[in-house]
1. Per residue, how much accessible surface does the chain expose to a 1.4 Å probe? Answer in Å², no decimals.
2. Check which residues have an amide H placed less than 5 Å from V411's amide H, if you skip close sequence neighbours.
3. With a Förster radius of 45 Å, plug the Cβ-Cβ distance of R210 and L18 into 1/(1 + (r/R0)^6) and report the FRET value to the nearest 0.05.
4. Once amide H atoms are placed 1.01 Å from N in the peptide plane, what residues at a sequence separation of 5 or more from T439, or on another chain, have their amide H within under 5 Å of its amide H?
5. Just to confirm a number: summing +1 for Lys and Arg and -1 for Asp and Glu over residues other than R614 whose beta-carbon lies under 14 angstrom from that of R614, what do you get?
6. Quick one: what are the phi-derived ³J(HN,Hα) couplings along region 379-392, Karplus 6.51/-1.76/1.60 with θ = phi - 60°, whole Hz, x for glycine and proline?
7. Ignoring ligands, DNA and RNA, what percent of the 1.4 Å accessible area of the chain is carbon and sulfur?
8. Taking a threshold of 25 Å on the Cα-Cα distance, which of the pairs K124/K198; K349/K382; K30/K448; K203/K273; K586/K618; K44/K448 fall above it?
Amino acid sequence: MTEPHLHPVQAEWKERALIDDATYRAWYEKSVADPDSFWAEHGKRIQWSKPFSRVKNTSFEGDVSIKWFEDGETNVSVNCVDRHLETKGDQVAILWEGDNPAEDKKITYRELHGHVGRFANLLKQQGVKRGDRVTIYMPMIPEAAYAMLACTRIGAIHSVVFGGFSPDALAGRIVDCQSTVVITADEGYRGGKTIPLKENTDKAIDIAARSDVAVRSVVVVKRTGNLVGWVDGRDIWYGDAVADLSPDCPPEAMNAEDPLFILYTSGSTGKPKGVLHTTGGYLVYASMTHQYVFDYHDGDIYWCTADVGWVTGHSYLLYGPLANGATTLMFEGVPNYPDQSRFWQIVDKHQVNIFYTAPTALRALMGSGDDYVKKTSRSSLKVLGSVGEPINPEAWEWYYKVVGESRIPIVDTWWQTETGGILITPLPGATDLKPGSATRPFFGVKPKLVDSEGQVLEGAADGNLCIIDSWPGQMRTVYGDHERFVQTYFSTYAGKYFTGDGCRRDADGYYWITGRVDDVLNVSGHRMGTAEVESALVSHEKVSEAAVVGYPHDVKGQGIYCYVTLMAGEQGSEELRKELVAHVRKEIGAIASPDKIQFSPGLPKTRSGKIMRRILRKIAEDDYGALGDTSTLADPAVVDDLVANRQNKK
Ligand code: 6R9
């Protein structure tokens, strides 16, 4: 049966594709029937200084232990740089486009090798050793990539913190992984504005010091050249420091299971978790998915718009593409600066073949009209990708018809910080597309839908998305808290990795991600725990209690709706609203800015004191006709007040 919006694989793809449908099916079957031999073969796609003899050694039971290629040795920077020197030394590795359209840079693999070597030698000079944690708080400039690769060269573990996070958020991450070296820039540029990265770093270091974590060196890259505060003996200018250093730094031989990086991400409870990825399996998986999901061919110009502060920036801006010897485009700016045509101008300027972005950007651009797109050519494009949140069919169709002129496949890739790489996705030459569906599992991925009792649902069904066996790119633990790892991901449905996402599988076996089923928001493709926003709100002196929920937002996907109960004697006002918004921005960062604040004298609680979020969500969605059963509430009257004062009247 053909569905109205099915987009079959186009004829020319049958010739060009690395993987066609028959190959997809054959490989997939093999990958799930005999993971050991499948991954033994594909594990060889990266270069090992000592080959592995064991492939998969994983268990989702009990303590949960995940090991891949465990006796192999390799080095990520060697795979991403040195390995390409012989054949691609003069090929551009990083194609950098500045916030200002007049600025760009091309860094070849040979040049990259020198930059990474010097940076690695600088880190060594600063006393950084194998296993040490290095925090990277950078704008989108090539030095961010050099810094990450330099860490991998010497076996240090990087923790990249998104440049939009506040000093408090940065401090929390520095303290959690006890990082004593920070790499930053004087300031960043974004959309014509500057971001005070060094100033934020200085503040964060002071905050971290209160928790007895003493940052001893700060490497500062000069970006804007504006005056910044300076602590002699602690702060070092990158440019000056590397000038005299050797470009050669021998790579550290790393065990496949040695930690590669920590990346903090939000969950439904508590502070952000340090997701830990290790070396061998991660790189195999990132590079393999990059090649097949985007149908990457040598010579393609590849552009992923994600910031290095997010996992997409790790796996698909840097590690996957560089491991494959690609030219990866790194963009410092934003989609609407100088105007809404910028993405497509960059596509034309650099003849981009593969373009990977987030639905929130597409929705914003869609809203400003088709002319900004149509005045550009985009004829170089071959594959379009989407990631970060469910893409609504309207945005999908716009991407397909207007941006891609109905000739380019869209890969809607579902995955998570925890998964390291893409798990559910179309392959451009193999998968007939359905707008809004992430379609089918990648090789080696075994998704299952379960109901709330943990019963596995077969066939067409709607349920909670679990993955029942390991894949090489999976996170190994929560940094410093393995128990939290087991509790968070493997205890809801014992023996299964629970993703936190709801999902529907249709009669063709296609997966449709419906969004988070836990208390995690997805705001403009950024993960945000409601608990984090709540704790930021209650840290304000006038707030006694807060409950935060998401509501549908045209551009952001979800908006942040906050119910705030004030301390006795305090009055809600427009001014206080602004103050609370500013407070949350200060505590977490601009991405956590509340969209709506409702002052509410009471919150709907059960007699045992649990806030009934279901009710709060309905009111935030302005769908209070369907509140359901409120009889278990301690005081049903609070609901009337909440409805009367709702902030999102349609
Ligand atoms: C890569 C990344 C993960 C959460 C995930 C899900 C949502 C990501 C999606 C998608 C529907 C897609 N998500 N991709 N939902 N379709 N193609 O975004 O990682 O920041 O950890 O977020 O994002 O809810 O659970 P991360």
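1. Details: 24110 Å² over 650 residues.
Accessible surface, normalised per residue, equals 37 Å².
2. Distant-sequence amide H within range of V411: L384, G385, S386.
3. Details: r = 53 Å, r/R0 = 1.17.
With R0 = 45 Å, the Cβ-Cβ based efficiency is 0.30.
4. Residues meeting the amide H criterion: Y511.
5. Numbers: positive: K605, K610, R613, R617, K618; negative: D518, D519, E621, D623, D629.
Local charge sum for R614: 0.
6. Going residue by residue, I get 6, 6, 5, 10, 9, 10, x, 9, 7, x, 6, x, 9, 5 Hz, with x marking Gly and Pro.
7. Numbers: 11680 of 24110 Å².
Ligands and nucleic acids excluded, carbon and sulfur give 48 percent.
8. On the way: K124/K198 22 Å; K349/K382 15 Å; K30/K448 18 Å; K203/K273 22 Å; K586/K618 29 Å; K44/K448 29 Å.
Correct reply: K586/K618; K44/K448.
The values are calculated or read from the model by the stated rules, or taken from the named source; none is laboratory data. Because the structure is a prediction, the values reported are computed rather than measured. Ideal geometry is used to build each Cβ from the backbone, glycine not excepted, and the neighbour counts take in all protein chains shown. The protein model used for the area step is the full one, side chains on, heavy atoms only, and it has no ligands, DNA or RNA in it. Shrake-Rupley method; radii C 1.70, N 1.55, O 1.52, S 1.80 Å.
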